[in-house]
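Note sheet for the following structure.
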Amino acid sequence: MIEIKTRLNAERAPGQVEVKGRLQLPFEQRQKSRLKTALVSGEAVALMLPRGQVLRGGDLLVASDGRVIEVVAEPEKLLHVECRTPAELAVAAYHLGNRHVPVQVGEGFLRIVADHVLEALLKGLNASVTPMEAPFEPDAGAYLGAHDHSDSQGGRIHEYGRDEAGDDDHEHGGHRHHHEH
């Protein structure tokens, strides 16, 4: 099993770097710093990156054998959200942000991971909601380097620390649960 511990910091320019493998992951897994998975080729890989980093489609990583591996954002089921006015779109974004939902912000639209409860909320705000499948690249915004919010629901965009006993936080059914010791 190859190990990936390093992100390639150099700006990628055509011809400078030869990609020797691809790691295709959905957003939820691209948030994890520790992960056992496989390259697109099927080769087993252990991801062991510094905590607090989110992998983005197009990022380059260096494997333990020296190969450069490209991160591919896996298409996933999303909701594409549009509104009649910028003010209505801002209200929709506010309500999603208030629920700590990772949101991809585009020119005149928002995208979130498909969720029937949030879909109903958005439709109640008169938003046009269209299911789609596409890579999900939510805005990192203030979440990078942020700390745990014990009242947050749904997805997470940053790595959470360890509790006092050293156990990692766990997610079950889209919600985080902390172990009390």
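The values are calculated or read from the model by the stated rules, or taken from the named source; none is laboratory data. Note that the structure is a prediction, hence the values are computed from the model and not measured. When we count neighbours, we look across all protein chains shown, and the Cβ atoms used for this are built from the backbone with ideal geometry, even at glycine.
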Practice task
Kindly indicate whether Asp65 is crowded, with 16+ Cβ neighbours inside 10 Å and of a type in the set (Asp, Glu).
Solution key: no
Problem - Check on Glu70, in contact with a strand residue (DSSP E or B) (Cβ under 9 Å, 6 or more places away or on another chain), under 28 Å from Asp115 (Cβ atoms) and acidic (Asp, Glu) - result: no
Exercise for the section: Taking only segment 81-98 into account, find how many residues are in contact with a Ser or Thr (Cβ under 9 Å, 6 or more places away or on another chain) and either buried (at least 18 other Cβ atoms within 10 Å of the Cβ) or among the β-branched types (Val, Ile, Thr) (or both). Expected result: 2
Completion exercise
How many residues of segment 110-131 are without any contact (Cβ under 8 Å) to a residue 40 or more places away in the chain, β-branched (Val, Ile, Thr) and either under 19 Å from Pro75 (Cβ atoms) or in contact with a strand residue (DSSP E or B) (Cβ under 6 Å, 6 or more places away or on another chain) (or both)? The answer is 1
Handout entry: Residue that is free of Cβ contacts under 8 Å to residues at least 12 places away in the same chain, at negative phi and among the hydrophobic types (A, V, I, L, M, F, W, C), where the choices are Ala63, Ala87
Key = Ala87
Practice task
Determine, yes or no, whether Glu180 is at pLDDT below 95, at negative phi, in a strand (DSSP E or B) and not polar (S, T, N, Q).
Solution key: no
Handout entry: Verdict on Ile69 being under 29 Å from Leu8 (Cα atoms) and not assigned by TED's automatic domain parsing to the domain that holds Val19
Key = no
Problem - segment 109-140 - residue that is small (Gly, Ala, Ser) and at pLDDT 95 or above and, of those, surrounded by the fewest Cβ atoms within 10 Å (Cβ to Cβ) - result: Gly124
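Yes/no matrix, rows are residues, columns are (1) aromatic (Phe, Trp, Tyr); (2) more than 30 Å from Lys123 (Cβ to Cβ); (3) outside the structural domain of Ser128 (by TED's automatic domain parsing):
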| residue | (1), (2), (3) |
| --- | --- |
| Leu8 | no, yes, yes |
| Gln31 | no, no, yes |
| Ala46 | no, yes, yes |
| Val62 | no, yes, yes |
| Pro86 | no, no, no |
| His95 | no, no, no |
| Val101 | no, no, no |
